[in-house]
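First comes the structure, then the notes that go with it.
The values are calculated or read from the model by the stated rules, or taken from the named source; none is laboratory data. Predicted model, so just to flag it, every value in this text is computed and none were measured. Here the Cβ is made from the backbone with ideal geometry for all residues, glycine too, and neighbour counts use every protein chain on show.
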Amino acid sequence: MDRVPLERKVLSENDRIAAELRARFQQHGVLCLNLISSPGSGKTSLLERTLETLPRQDRVAVLTGDIQTENDANRLKRFGFPVKQITTGGTCHLDARMIERHLADWKLEDLDVLFIENVGNLVCPSSYDLGEAAKIVVLSVTEGEDKPLKYPSIFFKSDLLVLNKVDLLPYVPFKMELAAENARKVHPGMEIVETSCLGNDGLKEWMNWLERRRKAHQSSQREVVSCST
Ligand SMILES: Nc1nc2c(ncn2[C@@H]2O[C@H](COP(=O)(O)OP(=O)(O)O)[C@@H](O)[C@H]2O)c(=O)[nH]1
Ligand SMILES: [Mg+2]
């Protein structure tokens, strides 16, 4: 059966475009973060709380992916930052070509941070490099502590686990420690922040993580510039 070679070709085409995107992000100093979770874990809510907190002059933009509807872009646009919806029309993940196409009329030199909200799915998005600097996986407390063990790839590949909806802990039998232990079985030392996007829990820790990544990115940019001059 010819299935394996075809799969390899499609993925390598994605990797080629993702490498070009990564080089462009690097050239223009853009920190690109790819948010991945099951549908409804709170990716858009986390971005809403983030955009609400960031100063308006921050050079931040969002590409948000869904199979259908502009709902998430409409939720995020009201904060005044550039936001574009990617509707995949059935595809269960974003790919690098979609990112390239939707960035075509944005100037990367005008951006410092690009958030990508992937299509809600813990499986397929983990196989598609989008040129991001880091993947972030969001898991909510209604989903069960065993998800890192069942879907290890995305937990292994993500730099940060956002454990969301902690305000619901009194109502669901979810053990935070076990979830963290499972995540770290798959990804030793994985960073974790515990958040509620409806309350304020953990949002400061999340914003601190973001700030640290932005600073680390800026200093790595300066090193690249000084090495190349
Ligand atoms: N209780 C609670 N609900 C939340 C939280 N974060 C998001 N939600 C709700 O979960 C639902 C799905 O959130 P959304 O951000 O659209 O998830 P997405 O599909 O991952 O983008 C919405 O009804 C949100 O209001 C949270 O921290 N606590
Ligand atoms: Mg969403």
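Let's see how each residue does on (1) buried (at least 16 other Cβ atoms within 10 Å of the Cβ); (2) within 16 Å of ligand 2 (Cβ to nearest atom); (3) modelled with pLDDT of 95 or more; (4) of a type in the set (S, T, Y):
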site: E7; (1), (2), (3), (4): no, no, no, no
site: D15; (1), (2), (3), (4): no, no, yes, no
site: H28; (1), (2), (3), (4): no, no, yes, no
site: L33; (1), (2), (3), (4): yes, yes, yes, no
site: I36; (1), (2), (3), (4): yes, yes, yes, no
site: T50; (1), (2), (3), (4): yes, yes, yes, yes
site: V60; (1), (2), (3), (4): yes, no, yes, no
site: P82; (1), (2), (3), (4): no, no, yes, no
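Whether any residue in the stretch 158-169 is of a type in the set (V, I, T), closer than 14 Å to S37 by Cβ, surrounded by 19 or more Cβ atoms within 10 Å (Cβ to Cβ) and within 16 Å of ligand 1 (Cβ to nearest atom) is what I want to check. Please lay out each step first, then the result.
Step one: list which residues in the stretch 158-169 are of a type in the set (V, I, T), which gives 162, 166.
Of the ones still in play, those that are also closer than 14 Å to S37 by Cβ are 162.
From what's left, surrounded by 19 or more Cβ atoms within 10 Å (Cβ to Cβ): 162.
If we keep only those that are within 16 Å of ligand 1 (Cβ to nearest atom) as well, we get 162.
Looking for residues that are of a type in the set (V, I, T), closer than 14 Å to S37 by Cβ, surrounded by 19 or more Cβ atoms within 10 Å (Cβ to Cβ) and within 16 Å of ligand 1 (Cβ to nearest atom), one finds at least one in the stretch 158-169, hence yes.
Suppose we keep only residues that are under 20 Å from L46 (Cα atoms) and of a type in the set (G, A, S) within the stretch 119-142. Which one would you say is farthest from ligand 2 (Cβ to nearest atom)? Once the filter is applied, the top-ranked residue is A133.
Within the stretch 159-207, the set of residues being over 14 Å from K43 (Cα atoms) and of a type in the set (G, A, S) comprises A179, A180, A183, G189, G199, G202. Each residue in the stretch 122-157 was checked for being buried (at least 19 other Cβ atoms within 10 Å of the Cβ), of a type in the set (S, T, N, Q) and over 19 Å from I99 (Cβ atoms), and 1 of them qualify. Does G90 meet the test of being under 16 Å from the mean Cα position of the chain (by Cα), of a type outside the set (S, T, N, Q) and either at positive phi or buried (at least 16 other Cβ atoms within 10 Å of the Cβ) (or both)? No: the conditions fail for G90.
Would you confirm whether or not the stretch 104-118 contains a residue that is within 13 Å of ligand 2 (Cβ to nearest atom), on the phi < 0 side of the Ramachandran plot and of a type in the set (A, V, I, L, M)? Full working, then the answer.
At the first step, the residues of the stretch 104-118 found to be within 13 Å of ligand 2 (Cβ to nearest atom) are 115-118.
Subset that is on the phi < 0 side of the Ramachandran plot: 115-118.
The next check asks that each one be of a type in the set (A, V, I, L, M); those that pass are 116.
Looking for residues that are within 13 Å of ligand 2 (Cβ to nearest atom), on the phi < 0 side of the Ramachandran plot and of a type in the set (A, V, I, L, M), one finds at least one in the stretch 104-118, hence yes.
Taken together, I67, I99 contain a single residue that is of a type in the set (A, V, I, L, M), at negative phi and in contact with a helix residue (DSSP H, G or I) (Cβ under 9 Å, 6 or more places away or on another chain), which is I99.
In the set (1) within 16 Å of ligand 2 (Cβ to nearest atom); (2) exposed (fewer than 14 other Cβ atoms within 10 Å of the Cβ), the condition left unmet by P188 is number (1). Reported count of residues in the stretch 49-61, each being farther than 18 Å from E109 by Cβ and either free of Cβ contacts under 8 Å to residues at least 60 places away in the same chain or β-branched (V, I, T) (or both), is 7.
State which residue is farthest from ligand 1 (Cβ to nearest atom) when the search covers only the stretch 23-58 and only residues that are touching a Cys at 6+ places or on another chain (Cβ under 8 Å) and not charged (D, E, K, R). I'd like the intermediate steps shown before the answer.
First, pick out the residues of the stretch 23-58 that are touching a Cys at 6+ places or on another chain (Cβ under 8 Å): 25, 42, 45-46, 48-49.
Those still in the list that are not charged (D, E, K, R) too: 25, 42, 45-46.
On the way: F25: 23, G42: 3, S45: 3, L46: 7 Å.
The qualifying residue farthest from ligand 1 (Cβ to nearest atom) is F25.
One residue stands out among those in the stretch 170-182 that are within 16 Å of ligand 1 (Cβ to nearest atom) and within 24 Å of the chain's Cα centre (by Cα): the one that is surrounded by the most Cβ atoms within 10 Å (Cβ to Cβ), which is A179. Looking across the stretch 78-95, the residues that are within 22 Å of R59 (Cα to Cα) and either in a loop (DSSP other than H, G, I, E, B) or touching a residue at least 24 places away in the same chain (Cβ under 8 Å) (or both) come down to R78, F79, G80, F81, P82. Within the stretch 76-132, the set of residues being touching a strand residue (DSSP E or B) at 6+ places or on another chain (Cβ under 7 Å) and of a type in the set (K, R) comprises K77, K84.
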